[in-house]
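All remarks here apply to the structure that follows.
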Amino acid sequence: MHIPTFRYDRAIEQLCGDPPTWPEPTNGISEVRLAIRYLSNNPLLKRMSPIKTLYVDIVDYPGEWLLDLPLLELSYEEWSEQIARLCEMEPRATLSQEWRTFLETVDLTSEAEDSTLRQISQLYTDFLYRCKEPQYNLSLLQPGRFTMPGEDLKGAPLLEFCPLLKIPEDYNDNSLYAEMKRRYESYKEHVVKKFYQAHFSSFDRQIIFADVLRAFNTGYASFVDMRDAINMVLKSFHYGKSGLINKFFGLKIDKMLFAATKADHVTPDQLSHLESFLQNMLATSHNNATFEGVSSETLALAAVKCTQAAHTTFQGKKMSCIKGMPIEGDKPIALFPGEVPIEVPMPEEWVEGRFHFMAFKPPRLANVHGSGLPHIRLDHALEFLLGDKF
Ligand SMILES: Nc1nc2c(ncn2[C@@H]2O[C@H](COP(=O)(O)OP(=O)(O)O)[C@@H](O)[C@H]2O)c(=O)[nH]1
Ligand SMILES: [Mg+2]
């Protein structure tokens with residue numbers, strides 16, 4: 001009762017508008033319960049009560065929050081060290097300049113002042129927001145709530161701390177350093193653990209979305225960051241019996257789906273490439289014991305298919321392409337957005353303009369209540385996630 005409802009109705013309304021528009025992206029947690037009525041095939045059950053109901057609770061939350069999970073295993077000092085190391089590399093080195101310069105002028109052993117805490121955390125948060133800008137599109141942004149606080153935490157003092165570049169050796173209890181350390185610990189206790197305890201303890205299936213194509217468009221650094229972020233999260237999920245998430249929250253996930261989104265941005269012949277690419281990107285997580293007892297699958301899918309496959313002739317050769325309405329503009333276009341590599345290209349192969357997976361407007365939907373949304377492979381996803389429950 002205390003969790004906002006996922007506004008499917010509102011999303012459908014927007015998608016069916018004239019012109020159709022994309023619903024608001026997720027910025028907090030919401031849930032929806034589906035009651036799926038179906039005819040049982042089981043000969044015994046069929047005779048008793050042929051119509052069965054499967055209840056499915058779907059929980060939607062920002063992917064950013066997953067990045068808080070690894071913090072549970074890190075002390076404030078260990079986390080600081082990780083961030084400091086990341087900030088030595090571009091583009092973070094430049095983007096974090098202002099925050100780092102300010103941090104260097106601050107005496108961490110001096111008495112904690114609210115105004116300093118606010119300023120220092122604001123500069124750090126600004127840095128995280130810059131990392132998110134489309135031209136950088138970085139994923140490994142911690143703490144997750146700094147850029148995605150959710151309704152209840154906007155402006156809360158719990159979010160006023162930041163990692164450090166150097167740890168002071170001598171300090172007392174009311175120092176800036178001690179205060180930030182306390183806030184980091186209470187962030188873990190009151191935000192991170194609370195979230196996982198409240199929600200993750202009841203999940204038994206999970207789907208993780210990765211916008212691989214967007215990373216392709218942005219470049220190598222963006223891709224590496226996304227890969228590292230997902231692998232970091234998966235490492236701390238460690239879904240097997242001995243994993244962290246199990247230790248803390250008694251999780252019982254038995255199926256995990258990794259999905260590359262926006263599969264309608266590529267030509268149909270590239271779908272299998274997109275899937276192989278995602279699989280290769282997650283190879284480390286797939287191969288080790290992370291998934292003891294958890295079956296996982298990789299899929300390329302589109303929740304709303306915005307393009308049509310077509311063919312065109314270029315220099316006398318038949319080529320496949322996609323047709324759709326670009327997000328900016330009102331004339332449909334046909335294009336070949338590029339080939340999806342199966343293996344990760346070398347850094348020097350990510351040349352500017354190699355990938356151009358364009359964003360599209362949602363299609364005009366005449367009969368969404370009758371035939372549903374046009375999609376790519378959502379049926380595969382459902383079969384994998386729910387098939388065995390029927
Ligand atoms: N072409 C296409 N674009 C999509 C699809 N799903 C999402 N998008 C685009 O990605 C944006 C963000 O998607 P959304 O699901 O709201 O992301 P969230 O931030 O994870 O909640 C949307 O506004 C669309 O522009 C899809 O299936 N096909
Ligand atoms: Mg969403």
Hey, if you put +1 on the Cβ of every Lys and Arg and -1 on every Asp and Glu Cβ in the chain, which of 69, 273, 49 ends up farthest toward the positive end of that dipole? 49
Counting only DSSP beta bridges fully inside region 203-384, the antiparallel percentage to nearest 5 is 50 percent
To the nearest 20 debye, what is the magnitude of the charge dipole of region 5-109 about its Cα centre, counting +1 on the Cβ of each Lys and Arg and -1 on the Cβ of each Asp and Glu? 1280 debye
Would you tally the net charge around residue 360, using a Cβ to Cβ cut-off of less than 11 Å, leaving residue 360 out, and scoring K and R as +1, D and E as -1? +2
Under unit Cβ charges (Lys, Arg +1; Asp, Glu -1), what dipole magnitude, rounded to 20 debye, does region 203-384 have relative to its Cα centre? 420 debye
Note, region 347-361: 3J(HN,Hα) by Karplus (6.51, -1.76, 1.60, θ = phi - 60°), whole Hz, Gly/Pro = x, goes x, 6, 8, 7, 5, 3, x, 5, 10, 9, 8, 7, 8, 10, 6
Where both residues lie in the chain, what percent of DSSP beta bridges are antiparallel, nearest 5? 65 percent
Under 15 Å from a label point 7 Å along Cα→Cβ of residue 231: give me every residue in region 334-349 with its amide N that close. 343-347
Starting with the highest mean, order 61-67, 102-108, 51-57 by the number of other Cβ atoms within 10 Å, averaged over the residues of each peptide. 61-67, 102-108, 51-57
Once amide hydrogens are built 1.01 Å from N within the peptide plane, the residues lying 5 or more places from residue 305 or on another chain with amide H under 5 Å from its amide H are 375, 376
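Just to confirm a number: summing +1 for Lys and Arg and -1 for Asp and Glu over residues other than residue 114 whose beta-carbon lies under 12 angstrom from that of residue 114, what do you get?
Here the charged neighbours net out to -2.
So what's region 68-194 giving for Cα Rg divided by 2.2 N^0.38 Å, two decimals?
Working: Rg = 13.8 Å, N = 127, 2.2 N^0.38 = 13.9 Å.
Compared with the compact-globule rule of thumb, region 68-194 sits at 1.00.
By how many nm would the segment from residue 22 to residue 102 grow when fully extended, if each residue of separation counts as 0.36 nm and the alpha-carbon distance is taken off? Before the final figure, lay out each step's value.
Details: separation 80, 0.36 × 80 = 28.80 nm, distance 3.93 nm.
Stretched out fully, the residue 22 to residue 102 stretch lengthens by 24.9 nm.
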Percent breakdown of C-alpha pair distances by 5 Å bin, ordered from the shortest bin, for region 1-160: 1, 7, 11, 14, 14, 12, 9, 8, 7, 5, 4, 3, 2, 1, 1, 0
Tell me what the chain gives for mean residue ellipticity at 222 nm when only DSSP H runs of n ≥ 4 count, each as -39,500 (n - 2.57), the sum divided by the residue total, rounded to 500 deg cm²/dmol. -10000 deg cm²/dmol
Of the options 139, 94, 155, report the single residue whose Cα projects farthest towards the positive end of the charge dipole of region 68-194 (beta-carbon charges: Lys, Arg +1; Asp, Glu -1). 139
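Once you charge only the Cβ atoms, +1 for Lys and Arg and -1 for Asp and Glu, what is the size of the charge dipole of the chain about its Cα centre, to the nearest 20 debye?
Details: 41 positive and 52 negative charges, 419 e Å.
Dipole about the Cα centre, nearest 20: 2020 debye.
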Taking Cα centroids, how far is region 32-83 from region 117-155 in Å? 26 Å
Relative counts (whole %) of C-alpha pair distances in the chain, using bins that are 20 Å wide: 23, 54, 21, 2
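What does the extension gain come out to for residue 90 and residue 169, with contour length at 0.36 nm per residue minus their alpha carbon separation?
Here the answer is 25.5 nm.
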Calculated from backbone phi, Karplus (6.51, -1.76, 1.60) coupling profile of region 259-264 in Hz, x at Gly/Pro: 10, 8, 8, 6, 5, 6
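The numbers here are math on the coordinates, done by the rules we state, and not lab data. Computed from a prediction, not measured in an experiment: that's the story for all the values here. No Cβ is skipped: glycine too gets one built from the backbone with ideal geometry, and neighbour counts run over all protein chains shown.
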